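Note sheet for the following structure.
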Amino acid sequence: MRIECPICGSRERREFYYQGADGMIARPDPDAGGEVWHAYLHLRDNPAGETRDLWYHEGGCGAWIVVTRNTVTHEVLGTRLASDAREAAS
Amino acid sequence: MVELKAQTPCAGLLPMTIGSVTVVEADLGVLTSLSPVGDGKDFAAALKAAHGLGAPKPGRATGRDGQRCLWFARSEVLLAGPVPDKTLEAHAAVVDQSDGWACVTLSGAGAVDVLARLVPVDFRESIFKRGHTARTLVQHMSASITRTGADTFLILVFRSMAGTLVHELKVAMEAVASRG
């Protein structure tokens, strides 16, 4: 499996550390309430198909990357810097 | 008063030649991590004015032996050689890392073949040219690798990994040499 780092280009999976679902970027307001925080911390989808998660280019440039990939075919569909994704969402 | 004697990271380990490949310790001078603030334009101008070096884009290195600037990570470059000019401090976080890195030069006809056994990056000259640099892994070690010549590479790993780096290179160099 290869991942396209937006900074370094196409690199092998072993250079990356897997963090989890990209929902971690959208941290709720501190006063959002217990249910919202519970969902943020503990509830995850487990899709068969397209998913988006956070990877860290640990053995490379040190960037956090949002990777869109397909859990069924293992195809990597796209990548972008997590900082860009957060700016686009806010 | 105890007289302490400074030792280089690879003291007693290098130089080493196996087959057509040689690895020697590189003395790069002062190593300084520079993390530009803002969009980096002021930093690039300050670096040019102070040291005559261009600020490298991702995956590139500027300068020459004795005075280099390596792209080193996201929003970070490494100045290798000169003592950093004070004017840089207004445009970047300036951190001395001189004693933090083990620096070696790998050279010879089979250098690319040696790296191919250790690093998950394509170092063939058609892809990775002189002046190209990469942050990547040597086996499990985080490393910075730069092509400085046709068959010459500069490799940096954390100083604590010096012995492991030399061992990994030795195993790979022996394997390449054994294939003739």
Applying the selection to segment A:13-57, what residues are more than 15 Å from A:L77 (Cα to Cα), within 14 Å of chain B (Cβ to nearest Cβ) and outside any loop (DSSP other than H, G, I, E, B)?
A:R14, A:E15, A:Y17, A:Y56
Evaluate segment B:147-156: report whether one residue or more is over 20 Å from A:G59 (Cα atoms), aliphatic (A, V, I, L, M) and either surrounded by fewer than 20 Cβ atoms within 10 Å (Cβ to Cβ) or away from every other protein chain (no Cβ under 14 Å) (or both).
yes
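Report the residue count in segment A:1-15 for those that are touching a residue at least 24 places away in the same chain (Cβ under 8 Å) and open to solvent by less than 60 Å² (accessible area, probe 1.4 Å). Please lay out each step first, then the result.
Let us first name the residues in segment A:1-15 that are touching a residue at least 24 places away in the same chain (Cβ under 8 Å), namely A:1-8, A:11, A:14-15.
Among the residues that remain, those that are also open to solvent by less than 60 Å² (accessible area, probe 1.4 Å) are: A:3, A:5, A:7-8, A:11, A:15.
So the answer is 6.
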Anything in segment B:1-28 that is closer than 17 Å to B:S98 by Cβ and touching a helix residue (DSSP H, G or I) at 6+ places or on another chain (Cβ under 8 Å)? List them, or say none.
B:P9, B:C10
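Let's see how each residue does on (1) exposed (fewer than 15 other Cβ atoms within 10 Å of the Cβ); (2) without any contact (Cβ under 8 Å) to a residue 24 or more places away in the chain; (3) more than 20 Å from B:H132 (Cβ to Cβ):
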residue	(1), (2), (3)
A:Y17	yes, no, yes
A:D45	yes, no, yes
A:H57	no, no, no
A:G60	no, no, no
A:A63	no, no, no
A:V67	no, no, yes
Any chance B:A143 is in contact with a Pro (Cβ under 9 Å, 6 or more places away or on another chain) and either at pLDDT 95 or above or part of a loop (DSSP other than H, G, I, E, B) (or both):
no
Checked pairs for segment B:156-180, first in contact (Cβ under 8 Å) with a residue 40 or more places away in the chain, second among the polar types (S, T, N, Q) and open to solvent by 40 Å² or more (accessible area, probe 1.4 Å), C-beta under 7 Å and 6 or more apart or across chains, list as B:E168/B:Q139
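The values are calculated or read from the model by the stated rules, or taken from the named source; none is laboratory data. Owing to the predicted nature of the structure, the values given are computational and were not obtained by experimental measurement. FYI the Cβ positions are ideal-geometry reconstructions off the backbone, even for glycines, and counts take in every protein chain you see. The accessibility values were calculated without ligands, DNA or RNA, using every heavy atom of the protein model including side chains. Shrake-Rupley method; radii C 1.70, N 1.55, O 1.52, S 1.80 Å.
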